[in-house]
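A quick write-up on the structure given underneath.
All of the numbers you see were taken from the coordinates with simple rules; none came from a lab. Quantities reported herein were computed from a predicted structural model and do not represent experimental measurements. Note that each Cβ is placed from the backbone with ideal geometry, even for glycine, and that neighbours are counted across all protein chains shown.
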């Protein structure tokens with residue numbers, strides 16, 4: 001379904017743009033992207049794996065929590081620690097996604113974290 005949307009910076013001037021439904025939905029997703037969602041690439045999941053979605057959403061929430069607490073009033077050391085936490089959450093998510101997709105990709109490992 002195609003339509004029009006009115007975008008305005010103020011009440012005195014209006015700009016009308018034509019959008020198709022897919023473009024409008026993409027625009028809305030991009031506008032709503034939080035730092036956490038951006039960092040974990042929340043919309044990138046070519047395997048459509050539910051576990052990957054869960055890992056990414058949980059990690060995005062943790063990164064956003066850190067970002068909300070790392071405000072301009074925080075001291076240098078506090079901001080550094082929040083930044084480190086966000087980096088390590090992002091790193092952990094990448095490893096978790098790799099773990100979640102390894103079995104479906106048919107990969108095996110010589111060493112095992114658990115078991116024989």
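Would you kindly state how much longer the chain becomes between residue 33 and residue 53 on full extension, computed as 0.36 nm times their sequence separation minus their alpha carbon distance, in nm to one decimal? The partial results should precede the final answer.
Working: separation 20, 0.36 × 20 = 7.20 nm, distance 1.52 nm.
Taking residue 33 through residue 53 to full extension adds about 5.7 nm, to one decimal.
Quick one: length gained pulling residue 74 to residue 91 fully straight, 0.36 nm per residue minus the C-alpha distance? Intermediate results must be reported in sequence, preceding the final value.
Working: separation 17, 0.36 × 17 = 6.12 nm, distance 2.38 nm.
Gain on extension, residue 74 to residue 91, equals 3.7 nm.
Please report 98, 37 as a ranked list, fewest other C-beta atoms within 10 angstrom at the top and most at the bottom. Write out the running numbers ahead of the final one.
Working: 98 12, 37 19.
The most exposed by this proxy come first: 98, 37.
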